[in-house]
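The values are calculated or read from the model by the stated rules, or taken from the named source; none is laboratory data. Just so we're clear, the structure is a prediction, and the values are computed from it rather than from any experiment. With ideal geometry, Cβ positions are generated from the backbone for all residues, glycine too; neighbour counts draw on all protein chains shown.
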Amino acid sequence: MTIAILALLAINFGLLALLFFRKPPQLPRRGPSGGQDGPKQVIIDKLHLDEKQVARYETLIEQHQSRATPLNEEIRKTKSNLYATLADESNMGKDSLVNRLGDLQMENVHYEHFLK
């Protein structure tokens, strides 16, 4: 029985040492400094898109971003206004801001993008 307990303790300490002293894996860098163009380049490479398809894909990205960016900004502003009501004890405007956030359907923009 004592041998089993010692063996379990040794295994536990070994696993703990492995967790603490092992280096975490290095993630690939993205953006201009990392030489990658993010998910866009991965999709182009994996699907083996030709130049015409890449041009169409970039057009779709631009269309999506032109819809998503203003909506994200509106959501950010509305959330900021909502949390500003925390300082006001009456919480005036909270319900209308929460309803406004419900009306701002970012997920629908993403879904429609993938339908194209």
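At a glance:
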| item | result |
| --- | --- |
| Condition met for Glu74 (out of contact with any strand residue (DSSP E or B) (no Cβ under 9 Å at 6 or more places or on another chain), within 20 Å of His110 (Cβ to Cβ) and modelled with pLDDT under 90) | yes |
| Extreme residue, nearest to Leu49 (Cα to Cα), among residues of the stretch 85-116 that are surrounded by fewer than 12 Cβ atoms within 10 Å (Cβ to Cβ) and among the aliphatic types (A, V, I, L, M) | Leu115 |
| Tally, over the stretch 67-116, of residues that are without any contact (Cβ under 8 Å) to a residue 40 or more places away in the chain and not in a helix (DSSP H, G or I) | 8 |
| Residue under evaluation Leu60, criteria (1) in a helix (DSSP H, G or I); (2) surrounded by 14 or more Cβ atoms within 10 Å (Cβ to Cβ); (3) over 18 Å from the mean Cα position of the chain (by Cα), criterion not met | (2) |
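Here is a yes/no grid of residues against (1) modelled with pLDDT of 85 or more; (2) surrounded by fewer than 10 Cβ atoms within 10 Å (Cβ to Cβ); (3) touching a Phe, Trp or Tyr at 6+ places or on another chain (Cβ under 7 Å):
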site	(1), (2), (3)
Ile5	yes, yes, no
Ala10	yes, no, no
Pro24	no, yes, no
Val54	yes, no, no
